Amino acid sequence: MKTRFAPSPTGHLHVGGARTALFNWLAARHAGGEFVLRIEDTDLQRSKPEYTRDILSSLSWLGLDSDGEPVYQTQRAEIYSEYAGRLLASGDAYWCHCPQERIDEARRLALENKDKPRYDGRCRDLGLGPAPGAVLRFKCPPDGLTGWNDIVKGPVSFDNGELDDLVIVRSDGFPTYNMAVVADDVSMGITHVLRGDDHVNNTPRQLLLYRALKAPEPEFGHLPMIMGGDRKRLSKRHGATSVLAFREMGYLPQALVNYLARLGWSSGDREIFTLAEMTSLFSLSSIGKSAAVFNGDKLDWLNAHYIKETPEEGLAELMRPFLAGLGLTGLDEGKLQAAAGTVRERGKTLRELAEKAAFYFRGKVELDPKAADKLLTEEGRDILRGYLPALERLPESAEDFDALLDSISRRRGIKKGAAAQPLRLALTGSTASPGLYEVLVILGTETARRRIEAALEFRA
Ligand code: GLU
C-alpha cells in the first residue's frame, strides 16, 4: 500500500486537510506501506512557500511523518508532458485551437439556457497540431458510465455524457489539475487515494485518464466533510480551523490527532487512542459515511486528558512558550515543574495552564479588584496580618498548614475558607488557585511575606 497527502499550499493546514493526511498515514502505517507527501504548488498566484512550511511543520507536530522527501509539482513538468504526450500518441488527446472568446461565448450561452457549460468538440477530429494559444484536450467517451467502488461511499458512477473533453495541458504549457494528479499518482505508484469528498467530481475524469493510459487504477475513498455546529461546512466562521491555531491555543498534538481520527473513524465506542493504538486498530472499512460535526468541547476534554497524562517535566517545557507569551521568561526549571503540577488539572489548554500558573512567577501579583474590595476589609487585613508571624517558616506539611487555618478560624469564630481567602488573594491575586499549602511551598516564605505586605498596603 502506498498513500499520499497532496495539499495545495494556498493556506495554512486546516483540520480537514489534517484529517485527510491522518487517514492516509494510518492506512499506510497499518499496512506497513508507504505514506508520501506531494505539494501541489502549480497555482503560482496562490501558492506561498510560507504555507508549504506551515503544512510541513504542522504534519510533523502532529507526528505524521512521511516517507522520503516531499515532492513538488512545480518540479515535475517533464513527467506531465510525458504523460500528456502518451495520451496524444494513443489518440486519446487532441490539440484544440478554439479561441478563448469562443469558449467563453459557448459557456455564456449554456448558462443562459441553464445547461452545463461543455466544450462542443469542434477541434476533436480536425487532427490539429500544437500552436501558440492551443490547449490539449482529452477525448472523453461520449456515452457510457464511469464508476468505481469507493472505499467510503460504496459504488459511485457518473454518466460520461456529463463530462466533457477536459483540457489536460493549458495554453501556457502547464498541465491542469486532473492531468497532473493522475501523472503523479501513476508515476509515484499510489495504490489508495483518500481525499475529501469535494474531489468526487474529479474522480471519473481521473479514472478515464488512467484507463486511456492503461495504468493500474488505485482505490479511491472520499472522506465526508467536516461541519461546524450549524451543520454547514467547517470554515473560519466557526472559529479556529488551522492546525497552527490549535497549536497556538495550547492543544497537544496527541489530543488533536485523537480528535481528528474520531471525526469519521471509530473502533467500538472507544474514544481515547494514541497514534500507535490507532495505527494497529485502523481499517479502511471502518471509515464512516456520514459527515462529522466538529465539537470543540470534546477536543477540550481530550486535551485535558492528555495534559493530565503528561509528566511534570514535559508539561513544564510545554508551558514555557505560553508563559513567555505572558512576558515570563528565564523561569527556574524546578519551580516551573512544581507549578505545572499544581495547575495541570485546572485548565483545558496549555494557554489556560500558563495563565493559571503565571502568578507564581510575577514580581508583583495584581489583585483582582472586586475580590480585594470584598476581602481586604479591616477584618480581612487583620486576618492577613495574623499570618505574618506564622509564615516566617514554611509549614511542615499540608496538615500543619491546615492546623494553622484551623486555629485562626477558631480564634475568630469564622469558617476555615473565610480565614484562607485573604491569604489566597494576597499570594495569588485571585480567589481561585491551587491549594495554598502547595502555593506557599513553591513561593517560599520570603515571597509570601512580600505579597502579604503588599496586599496589606493595597488601597490602605
Ligand atoms: N491538491 C488537492 C487539494 O488540496 C488534493 C488533490 C488530491 O488529493 O487528489 O485539495
Practice task
Scan segment 177-184 and give yes if some residue there is within 15 Å of the ligand (Cβ to nearest atom), at pLDDT 95 or above and more than 25 Å from Arg107 (Cβ to Cβ), otherwise no.
Solution key: yes
Problem - Residues that are among the basic types (Lys, Arg) and more than 15 Å from the ligand (Cβ to nearest atom), drawn from segment 13-64 - result: Arg29, Arg53
Exercise for the section: Examine segment 64-81 for a residue that is among the hydrophobic types (A, V, I, L, M, F, W, C), surrounded by 17 or more Cβ atoms within 10 Å (Cβ to Cβ) and under 30 Å from Cys123 (Cα atoms), and state whether such a residue exists. Expected result: yes
Problem - 1 or more residues within 30 Å of the chain's Cα centre (by Cα) and surrounded by 15 or more Cβ atoms within 10 Å (Cβ to Cβ): qualifying strands (runs of 3 or more DSSP E) within segment 142-237 - result: 145-150, 154-159, 192-196, 219-223
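The values are calculated or read from the model by the stated rules, or taken from the named source; none is laboratory data. No experiment lies behind these values; they were computed from the predicted model shown. Note: ideal-geometry Cβ built from the backbone for every residue, glycine included; neighbour counts use all protein chains shown.
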